[in-house]
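Here's the structure, in structure tokens; my notes come after.
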Amino acid sequence: MTINVHRRALACLFVAAAALAFASSGRAATPVVPSLTPAATQALWTKLVHDRAAHRADRAAAADCRSTRVVVYAQTDWLRIATKLAASNSPCAQYYVSVPPLTSNKTLPRPGQAAKIRALGPNFHALAEMNWNGWTKWVSTNQSSWVQAGITARQNMAAAGYDVAAGDTWALNELTTAVRKNTGAARQNVRDFVRGLFTGDGTVPAAKGVVFAIGAAQPTNDVSQYKATLQSWFQDAGFWADMSAYVGDWGQEVYGDVRNYGVANTTPQARRDELEQYMGGPVILARSDPTQDPAAAAYLTASYVPLANAAWAWASSYGWTQLPFQQMQDYVSAQVYAARALSAGLATGTDRIGFAWAPNNTLALAPSDFTSQSAQILDRLGQAIRDSADDTADPTDPGITACGPFGQPLWCSTVVDGATFATAWSNLATWTQSAVGFASPPFTLTAGAPSGPITLQVQTGGVPTAALQPVVVALSSTSPQGAFSLSPGGPWSPSLTITIPAGSSNALVYYEDAAAGTPTLTADVPGQPAATQTETVVPGPPAAIALRAHAHTVLEGGQVPLTVAVRDALRNTVTSTPAWKVTPASLGRVAVVHGIPTFVAGTKAGTATITAVSGTVTAATQVVVNAPPPRVASTRTTFPKGHVVVTVRVVAGGKPAHGVRVDLVVRKGSSVVGHVTGRTDAAGLLVWRSHGKLPRRHYTVRARILKAPKR
């Protein structure tokens, strides 16, 4: 009678707490209580406990069902979900339901809860939630060790009524990203904690427990960083050896998003495959490791539990599940189906199904509607787990009966507007080998000067990855004048071997090159494809100019091609165009003719000095500009007043040639009618006129320039 009064008082307390939370706001946080419907839960619990004999009979009669471990993380409402699962008890299943620690002290398990869960049947067990943050504070405050924290936690469990001999155990919530990334001592702390939790103080039986490991959101578009971190983690053999020794169930938090499930015009099997890729991503990846390291792949194969999403109705933290409860019923059914298919593929002989349960009235339903609808989600979850254990329905499609009777699926088909599959998770189906690459971008340096630091990095799919053991890298360059060093000050060597130490991702080197060009640097690790990167080496400032004229003399108006080469101190060609100067300027100029610098002479004779200027460096050459020799430009014969007049025009270049001696012979047939030698006048003309009159006939004129006599 006293017990009944106590239960009635507790029921009133839970109702009051729930009413207070819902009254304040439709979106208020759900209270941390054993049940949101204490009276209804108590009634069902009492019925089930009194009917345990029938459950034992069901289990004894069951032959064609799949052995299953069901792991539930309950943020709250743990007794209601345990009771609902018991109402649809699968005779071949073992159920493990977590109970949160006391809110006031998260290192203390809640007393009196484990026995109520165990009372639901011999296949129902309580998990004492070990709050990581709470125990972190305990270790710091008590200046204790993580092993001792685990031992103390086991003592606290026993004091709170957890019975390991009856199947109760612990659940570590949760392994953070620091553990996955191996930040600081996080990974070692977990190893020590689970060892203490397993062994206890020697007065209690050893007990393998459960860990919940934080995952990545299903809508993630790029999983390369997550994949690289997982691969590095999976190669930590010591960590996985400890997990194998001390942890029986690896609960991977894969809280899916309904918007990546309810895709229109798709079959339950297509949805199953997409869910399986996401829910099973870590174990699928571990098993794709070509080394098949038994410390990770074998352990996860045997212990992996996809902790799927029954939390309703959330916008974040547990994925997105803000949708009507009927669609949530459909979603949990499909996740059970996918978990069964994943377990069948792992072929361990025991299926593992996990779910997170955290009711949250973000849809602002009336309290009675919210508790009623959330209860129906729990009913569907329990039925899906029970029905999917039927091994006779369709052996080629294990778990399909989670969606309804064989051949008549009622679930696994809801449509969510705008839903699309999250295809990035298929990348976890294959292992990406780690390799050394260049993390720093291609660079440009000046010949003879050192580069900035070049980062060589262990990468997995382009993502930095800590080396598990020292990585030896051999460096070389295609440039015969290239050299490497561990510091910008040298010493320099044409090849260099460096080591990326274990636990690090990077190593730094420096490069210099005396030859301008585009050398390719190679980082070579035995057994890996070589990494290459092409750099740019530019010449230094001008240090010398080589200048040559292709001719030493040129006639006025003529052209002389020039060859010019600007070089730095290391004799690299500098591609800058020099400035030009001609002295005196009246003798000509430098122009580019057909792409070649060319001296173009003016119309005055003299010696031209041609100077090329680049920065502070100059070079000069000389070209003599000569006036062109005189030539007979034309002869003209006229007949004024019966006389014959012959005019000879002599030019030098384009100008009249004055004072040039010309020999002129005029013939009529074979007869010479005139022969004169004279000099041209200022207009460059020499004129001959016959003394007498001559008939108008054809006359032959020959004019030639006489050489000036030597002096």
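The values are calculated or read from the model by the stated rules, or taken from the named source; none is laboratory data. What you are looking at is a predicted structure, and each value in this text was computed from that prediction instead of being measured. Using ideal geometry, Cβ is built from the backbone for each residue, glycine included, and neighbour counts are taken over all protein chains shown. For the accessible areas, the whole protein counts, side chains as well, though only heavy atoms, and no ligand, DNA or RNA atoms are used. Shrake-Rupley method; radii C 1.70, N 1.55, O 1.52, S 1.80 Å.
Any idea how many residues of the range 116-138 are open to solvent by 20 Å² or more (accessible area, probe 1.4 Å), farther than 28 Å from Pro38 by Cβ and out of contact with any strand residue (DSSP E or B) (no Cβ under 7 Å at 6 or more places or on another chain)?
Here the count works out to 4.
List every residue pair whose Cβ atoms sit under 6 Å apart, with the two residues 6 or more apart in sequence or on different chains, where the first one lies in the range 338-354 and is over 11 Å from Asp397 (Cα atoms) and among the polar types (S, T, N, Q) and the second, anywhere, is open to solvent by less than 40 Å² (accessible area, probe 1.4 Å) and modelled with pLDDT of 95 or more.
Qualifying pairs under 6 Å: Ser343/Asp351; Ser343/Arg352.
Mind checking which strands (runs of 3 or more DSSP E) fall wholly inside the range 423-464 and carry at least 2 residues that are open to solvent by 50 Å² or more (accessible area, probe 1.4 Å)?
The qualifying strands (runs of 3 or more DSSP E) are 444-446.
So for the range 612-623 (the condition being of a type outside the set (Asp, Glu), at pLDDT below 95, open to solvent by 40 Å² or more (accessible area, probe 1.4 Å) and part of a strand (DSSP E or B)), does at least one residue qualify?
No, there is no match, as no residue in the range 612-623 is of a type outside the set (Asp, Glu), at pLDDT below 95, open to solvent by 40 Å² or more (accessible area, probe 1.4 Å) and part of a strand (DSSP E or B).
So which residues in the range 680-694 are part of a loop (DSSP other than H, G, I, E, B) and of a type outside the set (D, E, K, R), if there are any at all?
Across the range 680-694, the qualifying residues are Thr680, Ala682, Ala683, Gly684, Ser690, His691, Gly692, Leu694.
Could you list, in sequence order, all residues of the range 530-563 that are crowded, with 17+ Cβ neighbours inside 10 Å and either among the charged types (D, E, K, R) or in contact with a Lys or Arg (Cβ under 8 Å, 6 or more places away or on another chain) (or both)?
If the condition is that a residue be crowded, with 17+ Cβ neighbours inside 10 Å and either among the charged types (D, E, K, R) or in contact with a Lys or Arg (Cβ under 8 Å, 6 or more places away or on another chain) (or both), then Glu535, Pro539, Pro542, Ala543, Ile545, Glu556, Leu562 are the ones that fit.
Report, ordered by the first and then the second residue, all pairs with beta carbons closer than 7 Å, sequence separation of six or more or different chains, a first member in the range 487-505 that is at positive phi, and a second member that is modelled with pLDDT under 95 and surrounded by 13 or more Cβ atoms within 10 Å (Cβ to Cβ).
Gly503/Ala466; Gly503/Ala467
Can you work out which of the residues in the range 196-241 that are in contact with a Leu (Cβ under 8 Å, 6 or more places away or on another chain), outside any loop (DSSP other than H, G, I, E, B) and of a type outside the set (A, V, I, L, M, F, W, C) is farthest from Glu253 (Cα to Cα)?
In this case the residue turns out to be Ser232.
If you check Ala63 against the conditions, is it modelled with pLDDT under 90, open to solvent by 30 Å² or more (accessible area, probe 1.4 Å) and part of a loop (DSSP other than H, G, I, E, B)?
Yes, satisfied.
Considering only residues that are surrounded by fewer than 24 Cβ atoms within 10 Å (Cβ to Cβ) and within 31 Å of the chain's Cα centre (by Cα), which ones fall in the range 301-318?
Within the range 301-318, Thr301, Ser303, Trp314, Ala315, Ser316, Ser317, Tyr318 meet the criteria.
Take the residues of the range 643-688 that are open to solvent by 30 Å² or more (accessible area, probe 1.4 Å) and among the small types (Gly, Ala, Ser): which is farthest from the chain's Cα centre (by Cα)?
Ser671
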